[in-house]
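Student: This is the structure I have questions about; it appears just below.
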Amino acid sequence: MKASSFIIGAAAVPGALAWGGFGHITVGYIASNFVSPSTTTYLQTLLRNDTSDYLAGVATWADSIRYTKWGRFTSDFHFIDAKDSPPQYCGVDFDRDCKKDRGCVVSALHNYTTRLLDTDLRASERAIAAKFIIHFIGDIHQPLHTENVERGGNGIHVLFDGRNYNLHHVWDTSIAEKLVGGVRRRGPYPEAKRWADELTHEINEGKYASESIEWVRSANLSDPIATAMSWARIGNAYVCTHVLPEGPDAIRGQELGSDYYEAAAPIIEVQVARAGFRLAAWLDLIVTSLKTQEAPGDL
Ligand SMILES: *[C@@H]1O[C@H](CO)[C@@H](O)[C@H](O)[C@H]1NC(C)=O
Ligand SMILES: *[C@@H]1O[C@H](CO)[C@@H](O)[C@H](O)[C@H]1NC(C)=O
Ligand SMILES: *[C@@H]1O[C@H](CO)[C@@H](O)[C@H](O)[C@H]1NC(C)=O
């Protein structure tokens, strides 16, 4: 497949497509490969889509409403701005970093998990909650969605294979798209599915097989904030080691398409794999809890 036959990058609306859409869709497909059959049935019904695309197809919805009048209240739900100082010190702190008035990705995951579990809410509201969870578990794994420096890297201008981008876009989109050899702007689904199937194989019997159980060990449905914080800390730590290893000024205006890319690509790969695997585990915990809530007499 020739990368040159594709339009690389989906930056028509700068910043609108976190993980370039492509990362989110891949996370959705990975999760659908791992959820239990009862989770599949439950969410296919709630999301009114009985195809195998039922998660991947809604994975970018939260970005599509973010800049609308209705969705404006969700714009801070996509990240948590860790006020650390990479590369000397990385660290996320819920009380310090989650905006009390506007929320953050951690409080949003708490809120929408609670709402998906609340069967007194209308199905349409619970479907919205599910779509937010599917998206925000993707976002929390992108290192620059857990970092405050220069608005999550949006203010750091760099080059990637000769093109101008900001660092945030490079981590959302450019690295992942280069990794798979280019993505069709109008139809990222087939490439995302193929990448998801490769990563699924790595989780099941490849390079992630020995560690993937560890990825979901901290998942505790009774404590969504602690769970989401444990995920946020992993991504944030990469800000010091791989995103800004020598600080922002060392990469400003620099070409990141070669050595920097080589070090960054495995991080993107493992974070997308973790996000998909953790999303599956989280959805399974939610659906299992919903099933045990149902009194036998109600069935
Ligand atoms: C299911 O989702 C896919 C991906 O978004 C979409 O193409 C398809 O039309 C949907 N099917 C139904 C029945 O809504
Ligand atoms: C929880 O979600 C509802 C529905 O989207 C929203 O109205 C509310 O502001 C959210 N609360 C928090 C604390 O994020
Ligand atoms: C899950 O969270 C609850 C509430 O914080 C806590 O009481 C419980 O010990 C946690 N479970 C595990 C296995 O950590």
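The values are calculated or read from the model by the stated rules, or taken from the named source; none is laboratory data. Computed from a predicted model, the values in this text were never measured in an experiment. Glycine also receives a Cβ, built like all others from the backbone with ideal geometry; neighbour counts cover every protein chain displayed. Quick note on the areas: whole protein, heavy atoms, side chains included, nothing else; ligands and nucleic acids left out. Shrake-Rupley method; radii C 1.70, N 1.55, O 1.52, S 1.80 Å.
Conditions tested, residue by residue: (1) free of Cβ contacts under 8 Å to residues at least 60 places away in the same chain; (2) acidic (Asp, Glu); (3) buried (at least 18 other Cβ atoms within 10 Å of the Cβ).
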{"residue": "Asn220", "(1), (2), (3)": "yes, no, no"}
{"residue": "Pro224", "(1), (2), (3)": "no, no, yes"}
{"residue": "Met229", "(1), (2), (3)": "no, no, yes"}
{"residue": "Pro248", "(1), (2), (3)": "no, no, no"}
{"residue": "Ala273", "(1), (2), (3)": "no, no, yes"}
{"residue": "Leu279", "(1), (2), (3)": "no, no, yes"}
{"residue": "Lys291", "(1), (2), (3)": "no, no, no"}
{"residue": "Glu294", "(1), (2), (3)": "yes, yes, no"}
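Student: Can you pull out the residues in region 203-218 that are open to solvent by less than 50 Å² (accessible area, probe 1.4 Å) and either away from ligand 3 (no atom under 14 Å from the Cβ) or of a type in the set (Lys, Arg) (or both)?
Tutor: Ile203, Gly206, Tyr208, Ala209, Ser212, Trp215, listed by residue number.
Student: Let me confirm something: among Thr68, Thr39, which residue is β-branched (Val, Ile, Thr) and either touching a Leu at 6+ places or on another chain (Cβ under 9 Å) or away from ligand 2 (no atom under 16 Å from the Cβ) (or both)?
Tutor: Details: Thr68 fails: either touching a Leu at 6+ places or on another chain (Cβ under 9 Å) or away from ligand 2 (no atom under 16 Å from the Cβ) (or both).
Of the residues listed, the single one that is β-branched (Val, Ile, Thr) and either touching a Leu at 6+ places or on another chain (Cβ under 9 Å) or away from ligand 2 (no atom under 16 Å from the Cβ) (or both) is Thr39.
Student: Please verify whether Ala237 is open to solvent by 20 Å² or more (accessible area, probe 1.4 Å), out of contact with any helix residue (DSSP H, G or I) (no Cβ under 7 Å at 6 or more places or on another chain) and closer than 30 Å to His157 by Cβ, treating the condition exactly as stated. Walk me through it before giving the result.
Tutor: Working: open to solvent by 20 Å² or more (accessible area, probe 1.4 Å): yes; out of contact with any helix residue (DSSP H, G or I) (no Cβ under 7 Å at 6 or more places or on another chain): yes; closer than 30 Å to His157 by Cβ: yes.
Answer is yes for this residue.
Student: Okay, next question. Here are some conditions: (1) free of Cβ contacts under 8 Å to residues at least 24 places away in the same chain; (2) within 25 Å of Gly153 (Cβ to Cβ). Gly206 meets all but one. Which one does it not meet?
Tutor: (2)
Student: Residues being open to solvent by 10 Å² or more (accessible area, probe 1.4 Å) and of a type in the set (A, V, I, L, M, F, W, C): count how many of those fall in region 250-262.
Tutor: Initial filter on region 250-262 (open to solvent by 10 Å² or more (accessible area, probe 1.4 Å)): 250-255, 258-262.
Retained after the next criterion (residues that are of a type in the set (A, V, I, L, M, F, W, C)): 250-251.
Residues that pass the stated criteria total 2.
Student: All but one of (1) modelled with pLDDT under 95; (2) crowded, with 24+ Cβ neighbours inside 10 Å hold for Thr146, so report the exception by its number.
Tutor: Condition not satisfied by Thr146: (1).
Student: Can you name every residue in region 44-73 that is under 19 Å from Val27 (Cα atoms), among the small types (Gly, Ala, Ser) and in a helix (DSSP H, G or I)?
Tutor: Ala56, Gly57, Ala62, Ser64
Student: Same structure again: Counting only residues that are of a type in the set (A, V, I, L, M, F, W, C) and outside any loop (DSSP other than H, G, I, E, B), which one in region 245-265 is nearest to Glu177 (Cα to Cα)?
Tutor: Narrowing region 245-265 to residues of a type in the set (A, V, I, L, M, F, W, C): 250-251, 256, 263-265.
Filter again for outside any loop (DSSP other than H, G, I, E, B), leaving 250, 263-265.
Details: Ala250: 24, Ala263: 15, Ala264: 12, Ala265: 10 Å.
By that ranking, first place goes to Ala265.
Student: Tyr112: over 24 Å from His157 (Cα atoms), within 11 Å of ligand 2 (Cβ to nearest atom) and either aromatic (Phe, Trp, Tyr) or part of a loop (DSSP other than H, G, I, E, B) (or both), yes or no? Walk me through it before giving the result.
Tutor: Values: over 24 Å from His157 (Cα atoms): yes; within 11 Å of ligand 2 (Cβ to nearest atom): yes; either aromatic (Phe, Trp, Tyr) or part of a loop (DSSP other than H, G, I, E, B) (or both): yes.
Against the criterion (over 24 Å from His157 (Cα atoms), within 11 Å of ligand 2 (Cβ to nearest atom) and either aromatic (Phe, Trp, Tyr) or part of a loop (DSSP other than H, G, I, E, B) (or both)), Tyr112 qualifies.
Student: Another question, then. Looking at (1) surrounded by fewer than 22 Cβ atoms within 10 Å (Cβ to Cβ); (2) at positive phi; (3) in a helix (DSSP H, G or I), which is the one condition that is false for Gly152?
Tutor: Every listed condition holds for Gly152 apart from (1).
Student: Any idea which of Asp63, Asp76, Asp97 is buried (at least 17 other Cβ atoms within 10 Å of the Cβ) and in contact with a helix residue (DSSP H, G or I) (Cβ under 7 Å, 6 or more places away or on another chain)? I'd like the intermediate steps shown before the answer.
Tutor: Values: Asp76 fails: in contact with a helix residue (DSSP H, G or I) (Cβ under 7 Å, 6 or more places away or on another chain); Asp97 fails: in contact with a helix residue (DSSP H, G or I) (Cβ under 7 Å, 6 or more places away or on another chain).
Result of the check over Asp63, Asp76, Asp97: Asp63.
Student: With respect to Ala219, is the statement that it is at pLDDT 95 or above, within 17 Å of the chain's Cα centre (by Cα) and assigned to a loop (DSSP other than H, G, I, E, B) true?
Tutor: Details: at pLDDT 95 or above: yes; within 17 Å of the chain's Cα centre (by Cα): yes; assigned to a loop (DSSP other than H, G, I, E, B): yes.
Answer is yes for this residue.
Student: Among Arg126, Arg122, Arg115, Arg163, which is of a type in the set (D, E, K, R) and farther than 19 Å from Leu47 by Cα? Give the derivation first.
Tutor: Working: Arg126 fails: farther than 19 Å from Leu47 by Cα; Arg122 fails: farther than 19 Å from Leu47 by Cα; Arg115 fails: farther than 19 Å from Leu47 by Cα.
After ruling out the rest, the residue left standing is Arg163.
Student: Checking Ser36 against (1) farther than 18 Å from Ile128 by Cβ; (2) out of contact with any helix residue (DSSP H, G or I) (no Cβ under 6 Å at 6 or more places or on another chain); (3) surrounded by fewer than 19 Cβ atoms within 10 Å (Cβ to Cβ); (4) in contact (Cβ under 8 Å) with a residue 40 or more places away in the chain: exactly one of these is not met. Which one?
Tutor: All conditions are met except number (2).
Student: Hey, could you check region 12-33 for residues that are closer than 20 Å to Gly71 by Cβ and open to solvent by 30 Å² or more (accessible area, probe 1.4 Å) and say which is modelled with the lowest pLDDT?
Tutor: Filtering region 12-33 for residues that are closer than 20 Å to Gly71 by Cβ and open to solvent by 30 Å² or more (accessible area, probe 1.4 Å), the one modelled with the lowest pLDDT comes out as Ala12.
Student: Now for a separate question. Search region 120-134 for residues that are basic (Lys, Arg) and pair each with any residue that is in a helix (DSSP H, G or I) and surrounded by 20 or more Cβ atoms within 10 Å (Cβ to Cβ) when their beta-carbon atoms are under 6 Å apart and the residues are at least 6 apart or on different chains.
Tutor: Arg126/Leu116; Lys131/Val58
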